[in-house]
Amino acid sequence: MIKNISRLFVTPLSIVGVLLVCLSLSSCKKSGNMAGKDMVQEYAVTVLKTSDVELKSSYPATIKGKQDIEIRPQVSGTITKLCVDEGSVVHKGQTLFIIDPVQYQEAVNVAMASVNVAKANVATAKLTAENKRELAKNNIIGSYDLQTAENALLSSKAALAQANAQLISAKKNLSFTRVTSPSNGVVGSIPFRVGSLASPSTVTPLTTVSDISDMYAYFSMTERQLLSLTNEGNSQKDILKKMSNVELQMIDGSIYGETGKVETMSGVIDQSTGSVNVRAKFPNKNRTLRSGGTGSVLIPYKMNNCIVIPQKATYEIQDKKYAYVVDSKSTVKSTPIEIFSLDDGQNYIVTSGLKAGDKIVTEGVGTLKDGMQIKEITPEQAAAKQAQAQQSSEKASK
């Protein structure tokens, strides 16, 4: 009897316990689902649109003057005077250095004396020859004596010509003691000072005069880059004519105030580097640019109705680029893309793989996996949250 009574009481309690367990499991499942939803991460997503863009490709360049002329002495001697200083602006024909002229002046004096002697000898030989001709007419002397006199006259004239040549050479050497500038420009460094020995055989030039009224920026361009810029041109002349004006970025990152023009490019591709040499010309009215400087030539390239995406929205596997496209269920899919050969260092122009209206993830692509579900937010929202997190971090650090 007692057993039966206990069974009657146990059975309802057991049912209650089972119900409680079921409720607990159901609650756990719901909380688990909520936790799963909370685990979906937010990613910045943008809708692609076509646009007209102008990219600027950067090419490291070396800046040189229109012409850099090494100034070398043409005679040997001691420098007695420096007529300019480093960085001086000079004009064509201006004296830069004076080399000791004493020995060359003496050489001129000796050459002039030789000319005077030769002139006197010519005059004497001429008188003798005339006298011999008269004597020969009267048959007083023979043809031998006459020819001897004529030869002496010719010899004296030759000696005079030689003396004149030596005088010209001596005067020329004397003029070389004043080293002048062959063009307008700016004087470079001067390694020689007063008292230094200058010689035509010296390896180091006295200085360099750079014509910097216009400056040349020399840079290299790969064959692929050249083709992308010149695919519309028929000849090199047409190519250069169609190319837009270029900019020069200085070594400090600033942009030079004057635009330049690409003037020449080598007609042969260097097999060792796979590149061509290009020269751009920039005006230098204010003499801001200096020969020997460095910078980067920025070449603009315009494209219409193209898809532009940030470079940070892509990743690369085995030289192929990919982007994550977001479908209507906020699921990402890895999509291969092809890009234009030129870029500005921040964006890519997509030539295939994406179209207008597609949604792509623009940030944090390194943490995504194909088929992963995300929570979409706009790039502006992502930037705001990042700024807020940074402010909170700064406050906490204080």
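The values are calculated or read from the model by the stated rules, or taken from the named source; none is laboratory data. No experiment lies behind these values; they were computed from the predicted model shown. Here the Cβ is made from the backbone with ideal geometry for all residues, glycine too, and neighbour counts use every protein chain on show. To get the accessible areas, we keep the full protein, side chains included, count just its heavy atoms, and leave off ligands, DNA and RNA. Shrake-Rupley method; radii C 1.70, N 1.55, O 1.52, S 1.80 Å.
Laid out as a table, the results:
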read-out	value
Nearest-0.05 FRET efficiency for E54 and S397, computed from C-beta distance (R0 35 Å)	0.25
Sites N164 and N305 - FRET efficiency at Förster radius 56 Å, r taken between beta-carbons, to 0.05	0.10
Pairwise FRET efficiency - V110 versus L154, Cβ, R0 = 22 Å, nearest 0.05	0.35
Local electrostatic count, E258, Cβ distance below 15 Å [Lys/Arg +1, Asp/Glu -1]	+3
Rg in Å to one decimal, and Dmax rounded to a whole Å, for the chain via C-alpha atoms	44.7, 193
Per residue value of the accessible surface for segment 181-222 (all protein chains in place, 1.4 Å probe), Å²	40
Accessible surface, per residue, of segment 231-359 when the full set of protein chains is kept, probe 1.4 Å, Å²	59
Amide H partners (placed H, <5 Å) of K321, local residues excluded	I337
Sulfur and carbon atoms: percent of accessible area, the chain [1.4 Å]	53
